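Novice: Pasting a structure below so you can have a look.
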Amino acid sequence: MAAKKIIKDEKILTQACEDCTAEDAQLAQDLIDTVAATEDAACIAANQIGVTKRAFCYLDDDDQPHVMFNPVMKRALAPFKAVEECFSVDEPHKVTRFQRMMVEYDELVDGELVPRKREFRDWTAQIIQHGIDHTNGKLV
Ligand SMILES: [Zn+2]
């Protein structure tokens, strides 16, 4: 296990993040391990473990971990207001999320980045939007 400590350092968390490359397999594993080791974690971004790169790990409806590299939200439908908690922020905060959205991202498969495009909805869409905000250096 290479679970990392989750940081709250705003200076790091609001920094611009670099793109991930095919060399970031260890980062993907660290994110998966950290989500697994953190109680109630549904989504943890690379900058939350001190690595300012555009990646996060989220759990799907079956609690399976997935890592997204370089995610970009492409289409978003059905906005709603939500109150979210974050391991890096002390107070819950209000945000606008979308019930359905399309994401373009890279997945690391056998040492290579494979571009993906997928639609998500409901809870999974919401935690992915939270993760994308982190990769954009957006905290609240
Ligand atoms: Zn968060």
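Novice: Apply the Karplus curve 6.51 cos²θ - 1.76 cosθ + 1.60, θ = phi - 60°, to the phi angles in the range 60-70 and return the couplings in whole Hz, x for Gly and Pro.
Specialist: Coupling constants for the range 60-70: 7, 4, 9, 6, 8, x, 9, 10, 10, 9, 6 Hz.
Novice: What spacing in nm lies between the two simple spin-label points modelled at W123 and F80, each 7 Å away from Cα in the Cβ direction?
Specialist: According to this spin-label approximation, the distance is 1.3 nm.
Novice: May I ask you to sort R118, R54, R97, R75 by Cβ crowding, counting other Cβ atoms within 10 Å and putting the fewest first?
Specialist: Final ranking by Cβ density, sparse to dense: R75, R118, R97, R54.
Novice: Taking the simple approach of a point 7 Å from Cα along Cα-to-Cβ for both V109 and D61, what is their distance in nm?
Specialist: 2.3
Novice: Also, quick follow-up: Under 8 Å for C-alpha pairs, at least 6 residues apart: give me the relative contact order for the chain, rounded to a whole percent. Show your work: numbers first, answer last.
Specialist: Numbers: 295 pairs, mean separation 37.3, N = 140.
Answer for the chain is 27 percent.
Novice: Next up: Beyond 29 Å between alpha-carbons counts as too far, so tell me which of K11/K117; K5/K74; K8/K94; K53/K94; K74/K94 fall in that bin. Please report the intermediate quantities before stating the final value.
Specialist: Details: K11/K117 31 Å; K5/K74 31 Å; K8/K94 18 Å; K53/K94 25 Å; K74/K94 22 Å.
Where the Cα-Cα span goes over 29 Å, the pairs concerned are K11/K117; K5/K74.
Novice: Right, something else. Cα centroids of the range 94-129 and the range 29-89: how far apart, whole angstrom?
Specialist: Taking the Cα centre of each part, the range 94-129 and the range 29-89 sit 10 Å apart.
Novice: Okay, next question. As a check on your grasp of the helix formula, calculate [θ] at 222 nm for the chain: sum -39500 (n - 2.57) over DSSP H runs of n ≥ 4, divide by the residue count, round to the nearest 500. If you can, show how the numbers build up before the last one.
Specialist: Working: 3 runs with 31 residues, N = 140.
Using -39500 (n - 2.57) per qualifying helix, the result is -6500 deg cm²/dmol.
Novice: Compare the peptides 15-26, 39-50 by average per-residue count of other Cβ atoms within 10 angstrom and give them in order, highest first.
Specialist: Values: 15-26: 14.8, 39-50: 20.7.
With the highest mean Cβ count within 10 Å placed first, the list reads 39-50, 15-26.
Novice: Which ordering of H134, H93, H66 is given by a fewest-first count of other beta-carbon atoms within 10 Å?
Specialist: Details: H134 23, H93 13, H66 19.
In increasing order of surrounding Cβ atoms, one gets H93, H66, H134.
Taken together, the values in this text are just the output of simple stated rules run on the coordinates, not laboratory data. Worth saying up front: this structure is predicted, and the values here are computed from it rather than measured. Every residue, glycine among them, receives a Cβ derived from its backbone with ideal geometry; neighbour counts consider all protein chains shown.
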